[in-house]
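Structure first, then comments.
The values are calculated or read from the model by the stated rules, or taken from the named source; none is laboratory data. Owing to the predicted nature of the structure, the values given are computational and were not obtained by experimental measurement. Neighbour counts run over all protein chains shown; Cβ positions are idealised from the backbone, glycine included. All accessible areas refer to the heavy atoms of the entire protein, side chains included, with ligands and DNA or RNA removed. Shrake-Rupley method; radii C 1.70, N 1.55, O 1.52, S 1.80 Å.
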Amino acid sequence: MIRVFPDLEALSRAAADYIALVGRSAVADRGAFSLVLAGGNTPRRAYEILAAISRDDRALWDAAHVYWGDERCVPPDSPASNYRMAKIALLDPLGLRPGQVHRIPAEEPDRQAAADRYAAAFPAQPDLIVLGVGDDGHTASLFPGHGVLDETAVGFALSEAPVAPRERITITAPAIAAALDVLVLASGTGKVEALKRVFNKTGSIHQTPARLVRDRVWFVDCDAAQGMVEFRADDPQRIAAHGVP
Ligand code: 6PG
């Protein structure tokens, strides 16, 4: 499903509502909520809104465990750290206990050991993975052309970004596929070409890794959705526009 919003603020409000909704239903059904966060800039506002609208919902947050889908190999207090972004925007405002927050220890010198340990502690079937998309069509730290895309194990692996910080630890494609729900967020004109490639009828995961999640839930703003006109004409039922002219 693809939902198109007028701008990043509207997308962020809807994403915050969606995460809270999935979380409440997971707690009602299974007594716990495993939430896997995305890095990058796009989700920041959604995290802030989520904290603001749900911080009093202790039934939800006391039952939550938070993970990440990828991390840059930097210290956790680095401005480039995905953990740090979420800590400031979401985790500190929610007041989660340290035992509920499971960051990827990507700053450890033995990256492979860090990835293996993280994979061992990661839920087999997370309730929700939030992802972003890069201008080049990457998602998590699964970059076009990288061998990690061929990884068949459910877990975490080492990866390399074309830009700094280059060293990454990323969730593997089979681990994404195991999630009960995946929400992908894309905002801004920089994402137009990537989204065209994701939603083209044909294409390869090696060229556009975000095709791995093309059948999941997408929240896209108008700027990013520009190139999807042809797709909309092709399959109008799949796109729900919210306040979009
Ligand atoms: C990261 C990511 C990455 C991100 C995209 C989109 O660590 O860089 O998790 O996959 O989600 O690059 O980033 P923006 O939201 O900043 O465009």
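Roughly how many Å² is the accessible area per residue of the chain, as a whole number, for a 1.4 Å probe? The partial results should precede the final answer.
Values: 10380 Å² over 245 residues.
Value for the chain: 42 Å² per residue.
For ILE205, no residue 5 or more places off, or on another chain, has a built amide H under 5 Å of its own.
At 0.36 nm per residue, and after removing the present C-alpha to C-alpha distance, how many nm does the segment from ASP110 to SER25 gain when stretched out fully? Can you show the working numbers first?
Numbers: separation 85, 0.36 × 85 = 30.60 nm, distance 3.78 nm.
Extra length available between ASP110 and SER25 comes to 26.8 nm.
Normalised by residue number, the volume inside the convex hull of the Cα atoms of region 1-129 is 111 Å³ per residue.
Cα centroid separation, region 54-72 to region 33-48: 10 Å. Per residue, the convex hull spanned by the alpha carbons of the chain comes to 116 Å³. Once both labels are positioned 7 Å from their Cα atoms along Cα-to-Cβ, the gap between LYS201 and MET1 label points is 2.6 nm.
Using mean Cβ contacts within 10 Å as the protection proxy, how do 30-42, 63-75, 101-113 order, highest first?
On the way: 30-42: 20.1, 63-75: 22.0, 101-113: 17.2.
Result, highest mean Cβ count within 10 Å first: 63-75, 30-42, 101-113.
Determine the dipole magnitude for the chain: charges of +1 sit on the beta-carbon of Lys and Arg, -1 on that of Asp and Glu, nothing else is charged, the reference point is the Cα centre, and the result goes in debye to the nearest 20.
On the way: 26 positive and 31 negative charges, 47 e Å.
Charge dipole of the chain: 220 debye, to the nearest 20.
Once the Cα-Cα distance is subtracted from the 0.36 nm per residue extended length, the ASP77 to ASP181 segment shows a gain of 34.5 nm.
Only aspartates and glutamates eight or more places from LYS87 in sequence, or on another chain, were considered; those with a Cα closer than 12 Å are GLU48, ASP77. Residue by residue, region 75-84 carries 3J(HN,Hα) couplings of x, x, 9, 6, x, 8, 6, 5, 4, 4 Hz when phi is fed to the Karplus relation 6.51 cos²θ - 1.76 cosθ + 1.60 (θ = phi - 60°); x denotes Gly or Pro. Full extension of the segment from GLU160 to ASP92, taken as 0.36 nm per residue of separation minus the current Cα-Cα distance, would add 21.5 nm. Phi-derived couplings, Karplus 6.51 cos²θ - 1.76 cosθ + 1.60 at θ = phi - 60°, listed residue by residue for region 201-210: 4, 10, x, 10, 5, 5, 7, 9, x, 5 Hz, with x used for Gly and Pro. For the chain, the relative contact order is 25 percent, taking Cα pairs closer than 8 Å that sit 6 or more residues apart in sequence and dividing their mean separation by the residue count.
Within the accessible surface of the chain, defined with a 1.4 Å probe on protein heavy atoms only, the carbon and sulfur portion equals 52 percent. Here the dipole of region 1-46 is about 80 debye; that uses its Cα centre as origin and unit charges on the Cβ of Lys and Arg (positive) and Asp and Glu (negative).
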